[in-house]
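For reference, the structure discussed in these notes is given below.
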Amino acid sequence: MSAPVPRPLTDKRLLRGARTRSTVLRRAVDLASLDGLEGLSFGRIAADTGLSKAGVQTLFRTKEILQLAAVDHARDLFIEAVVDPARGEARGGARLRAVVENWIVYAETPLFLGGCFRAANMTEFDSKPGPVRDALLRDQRDWRALLANQFRHAAAGESAQTDPELAAFQLDAVLLAANTALRLDDSTVISKVRRVLDQMLRPPG
């Protein structure tokens, strides 16, 4: 799970356009985390950001393009907050623990007003085939693949888990449940997340 490296911008008009786009997308991901991607509208974003509705629509043209851009922006922010800071840890148990601790900060702070962006939108699109569903599914698969890869590296002596994909599925399910609990003001769920991970990384024998 990685984000593309942006090119530096030097043209002032391009810089203004990039800042406007970033402002719109930052508001879009917050709104989508609260009300879902279907709740996005050019009018509401314009009102919330002080931009013109025509200006927002010029940037994204259609609601679906805005939704897809919001998914990508949320992905980039998630990687920056959760995945990248853990890359300095050794692969396996240490990196997995770092990723989970970063995820806890991401969900508790929260990075998005409504909590986990993926959790807020997967159920909305799970039965709606199309590009938005595909983008959300891509992010889910990449996230679980990242977790599975760390379980795979932890399997040799660090963990009793013998099926990395199953372990990743189980841990992802725990984190999604924890996100819901946090939205309901159940802060005790964080200690449960850590206990689950401790059990999953318990050495064999």
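The values are calculated or read from the model by the stated rules, or taken from the named source; none is laboratory data. Note that this is a predicted model, so its numbers are computed, not measured. Positions of Cβ are backbone-derived with ideal geometry, glycine not excepted, and every protein chain shown enters the neighbour counts. Side chains are part of the model used for accessible areas, which takes the heavy atoms of the whole protein and leaves out ligands, DNA and RNA. Shrake-Rupley method; radii C 1.70, N 1.55, O 1.52, S 1.80 Å.
Look at (1) 1.12; (2) 1.16; (3) 1.07: the one that is Cα Rg over 2.2 N^0.38 Å derived from this structure is (1). FRET efficiency for the V105 to K128 pair, using the beta carbon distance and R₀ = 25 Å, is estimated at 0.20.
Of the GluC sites (Glu not before Pro) found in region 117-200, not one falls in a DSSP loop while having at most 10 other beta-carbon atoms within 10 Å.
Mind running the shape call on region 128-205? Use the C-alpha gyration tensor, a ≥ b ≥ c as the square roots of the eigenvalues: rounded below 1.5 for a/c, prolate if a/b tops b/c, oblate otherwise. The shape class here is oblate. Extending 7 Å from the Cα toward the beta-carbon at both A145 and S41 defines two label points whose distance is 3.7 nm. Calculated accessible area for the chain comes out at 53 Å² per residue, all protein chains present (probe 1.4 Å; ligands, DNA, RNA ignored). Residue-wise HN-Hα couplings along region 157-168, as the Karplus relation 6.51 cos²θ - 1.76 cosθ + 1.60 with θ = phi - 60° gives them from phi, are x, 8, 8, 8, 5, 10, 10, x, 5, 5, 4, 5 Hz; Gly and Pro carry x. Express the carbon and sulfur contribution to the solvent-accessible surface of the chain as a percent, rounded to the nearest whole number, probe 1.4 angstrom. Carbon and sulfur: 53 percent of the exposed surface of the chain. For region 129-142, putting each phi into the Karplus relation 6.51 cos²θ - 1.76 cosθ + 1.60 with θ = phi - 60° gives couplings of x, x, x, 5, 4, 4, 5, 5, 5, 4, 5, 5, 5, 5 Hz, in residue order, rounded to whole numbers and with x for Gly and Pro. Among the protein heavy atoms, those of V189 account for about 20 Å² of accessible surface (1.4 Å probe, every chain in place).
Net length available on complete extension from T180 to E165 is 3.1 nm, with 0.36 nm assigned per residue and the Cα-Cα distance removed. Inter-label distance, T58 to A18: 1.9 nm, where each label sits 7 Å from its Cα along the C-beta direction. Charge dipole (Cα centre; +1 on Lys/Arg Cβ, -1 on Asp/Glu Cβ; no other charges) of region 72-166 amounts to roughly 180 debye. Here the 3J(HN,Hα) profile of region 106-118, calculated from phi with Karplus coefficients 6.51, -1.76 and 1.60 at θ = phi - 60°, is 4, 7, 6, 4, x, 5, 10, 4, x, x, 4, 4, 5 Hz, Gly and Pro shown as x.
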